[in-house]
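Notes for the one structure printed next.
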Amino acid sequence: MQLTVVVENFCTNRLLKTEWGYCLYLESPVTRLMLDTGSEVHSLVHNLTALKINPREIDHLVFSHAHFDHTGGLLDAVRIAPQARRWGSREMKRQRWSDADQKRNGGGGPLFESILTDPIDTWAKVTDEVIAFTVPQNERDPRFVNAKNMWEETEDGKIIPDTFADDLSLLVKGKNGVSLILGCAHAGLPNILRYAQKTFEVNRFDTVLGGTHLSAASPEELPVWIEELEKYDVCRWRPNHCTGFKAAAAMARVFEDVDWAGCGTRIEL
């Protein structure tokens, strides 16, 4: 199984474009799956071309959640890969708002209720090698969930702190074992690891890759996160996107194999 980071904040290849956004591609003889579609700057199509990934071969398009930095390229993706089945949490239909004053459209809304061909309520087997899953609210330690300046709109129009009910991650089976692929880990990275271990009986993770949202942890809180992450057997940590430099540096001081998975990164799972 080859994983390619298509869109991310930082580049490892001068031919690519970066943006505050996220997209990756998983490819094997039985899996051709794209997770997320990048942001509003529309780096997606350019980078797919530069990386020689044919969108007409994509069988599955999965959304980790509804925020615009992960769904901004949605229309581009549907245009260039109309054949792909579209997976995501049913809760993407909730309208999201951003910033302290709750005025900026953050993503989500009714569009996603109609665009998904395969809505997910809890978890789903996307291919023989990939499971997409959400973490229930009662399985989340609130210490590792930060909704600062992120909001959602209820059915009766009230604005409340984002519950991140749509946050979805992937378990991927490769030749080296099972890996955990994240979007932004809004459900809380320790919560996601614990739930995956408990629900899917994963005792060892080959790779944990993606946005960890560790940037939301204050300097005082970060050691608590790191201490919690030390409970899990992870061979390779490949954080990116919303992780933050200081958090990635803190991880590198504790764990043996940590590297930033920038735009253009290719690894074998």
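Would you check which residues across region 26-42 are in contact with a helix residue (DSSP H, G or I) (Cβ under 8 Å, 6 or more places away or on another chain) and within 16 Å of K173 (Cα to Cα) and list them? R32, M34, listed by residue number.
Which of the residues spanning region 209-243 are touching a Pro at 6+ places or on another chain (Cβ under 8 Å) and aliphatic (A, V, I, L, M)? L209, L214, L229 - these are the residues of region 209-243 that are touching a Pro at 6+ places or on another chain (Cβ under 8 Å) and aliphatic (A, V, I, L, M).
Residue-wise test of (1) in a strand (DSSP E or B); (2) in contact (Cβ under 8 Å) with a residue 24 or more places away in the chain; (3) among the hydrophobic types (A, V, I, L, M, F, W, C); (4) closer than 22 Å to A185 by Cβ.
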site: L15; (1), (2), (3), (4): no, yes, yes, no
site: W20; (1), (2), (3), (4): no, yes, yes, yes
site: Y25; (1), (2), (3), (4): yes, yes, no, yes
site: V78; (1), (2), (3), (4): no, yes, yes, no
site: W87; (1), (2), (3), (4): yes, yes, yes, yes
site: E91; (1), (2), (3), (4): no, yes, no, yes
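Restricting to region 112-160, give me the number of residues that are part of a helix (DSSP H, G or I) and either under 30 Å from R32 (Cβ atoms) or touching a Phe, Trp or Tyr at 6+ places or on another chain (Cβ under 6 Å) (or both). Before you say what the answer is, go through the steps one by one.
Kept after step one, since they are part of a helix (DSSP H, G or I), are these residues of region 112-160: 112-115, 137-139, 142-144.
Remaining after also requiring either under 30 Å from R32 (Cβ atoms) or touching a Phe, Trp or Tyr at 6+ places or on another chain (Cβ under 6 Å) (or both): 112-115, 139.
Number satisfying all stated conditions: 5.
Considering region 4-37, and only residues there that are at pLDDT 95 or above and touching a Lys or Arg at 6+ places or on another chain (Cβ under 9 Å), the residue that is surrounded by the most Cβ atoms within 10 Å (Cβ to Cβ) turns out to be V7. Determine whether T117 is among the β-branched types (V, I, T) and open to solvent by less than 60 Å² (accessible area, probe 1.4 Å). No, not satisfied. Taking region 199-230 as the range and being touching a residue at least 12 places away in the same chain (Cβ under 8 Å) and more than 25 Å from N9 (Cα to Cα) as the test, the residues that pass are T199, F200, V202, N203, R204, V224, E228, E230.
Quick one: in region 213-242, of everything that is of a type in the set (V, I, T) and within 19 Å of R140 (Cα to Cα), which residue is most open to solvent (accessible area, probe 1.4 Å)? Break it down stepwise before answering.
We begin by selecting, within region 213-242, every residue of a type in the set (V, I, T); these are 224, 226, 234.
Cutting the leftovers down to within 19 Å of R140 (Cα to Cα) gives us 224, 226.
Details: V224: 59, I226: 14 Å².
Among those that are of a type in the set (V, I, T) and within 19 Å of R140 (Cα to Cα), it is V224.
Step by step: first the residues of region 71-89, then only those that are under 17 Å from the mean Cα position of the chain (by Cα) and farther than 15 Å from A165 by Cβ, then the one that is surrounded by the most Cβ atoms within 10 Å (Cβ to Cβ). Which residue is that? That would be G73. For the residues R104, R86, the requirement of being of a type in the set (D, E, K, R) and modelled with pLDDT of 95 or more singles out R86.
In this structure, F255 does not satisfy being among the aromatic types (F, W, Y), open to solvent by 10 Å² or more (accessible area, probe 1.4 Å) and under 29 Å from D99 (Cα atoms).
Of the listed requirements (1) open to solvent by 10 Å² or more (accessible area, probe 1.4 Å); (2) under 20 Å from W123 (Cα atoms); (3) out of contact with any Lys or Arg (no Cβ under 9 Å at 6 or more places or on another chain), M92 misses just one: (1).
Applying a threshold of 9 Å to beta carbon distances and a minimum spacing of six or more residues, or different chains, the list of pairs starting in region 232-255 at a residue that is polar (S, T, N, Q) and ending at one that is open to solvent by 20 Å² or more (accessible area, probe 1.4 Å) and not in a loop (DSSP other than H, G, I, E, B) reads T243/S215.
Could you say whether any residue in region 182-191 is open to solvent by 10 Å² or more (accessible area, probe 1.4 Å) and at positive phi?
Within region 182-191, the subset open to solvent by 10 Å² or more (accessible area, probe 1.4 Å) is none.
No; the residues of region 182-191 include none that is open to solvent by 10 Å² or more (accessible area, probe 1.4 Å) and at positive phi.
In the set I192, I267, which member is under 17 Å from the mean Cα position of the chain (by Cα), over 27 Å from A165 (Cβ atoms) and not hydroxyl-bearing (S, T, Y)?
Numbers: I192 fails: over 27 Å from A165 (Cβ atoms).
On inspection, the qualifying residue turns out to be I267.
Annotation note: Cβ proximity below 9 Å between a residue of region 40-54 that is closer than 11 Å to D69 by Cα and a residue that is aromatic (F, W, Y) (sequence gap 6+ or interchain) occurs for E40/F68; V41/W20.
The values are calculated or read from the model by the stated rules, or taken from the named source; none is laboratory data. Keep in mind that what you see is a predicted model, and the values were worked out from it rather than measured. When we count neighbours, we look across all protein chains shown, and the Cβ atoms used for this are built from the backbone with ideal geometry, even at glycine. Each accessible area value is taken on the protein alone, full model and side chains, heavy atoms only, with ligands, DNA and RNA left out. Shrake-Rupley method; radii C 1.70, N 1.55, O 1.52, S 1.80 Å.
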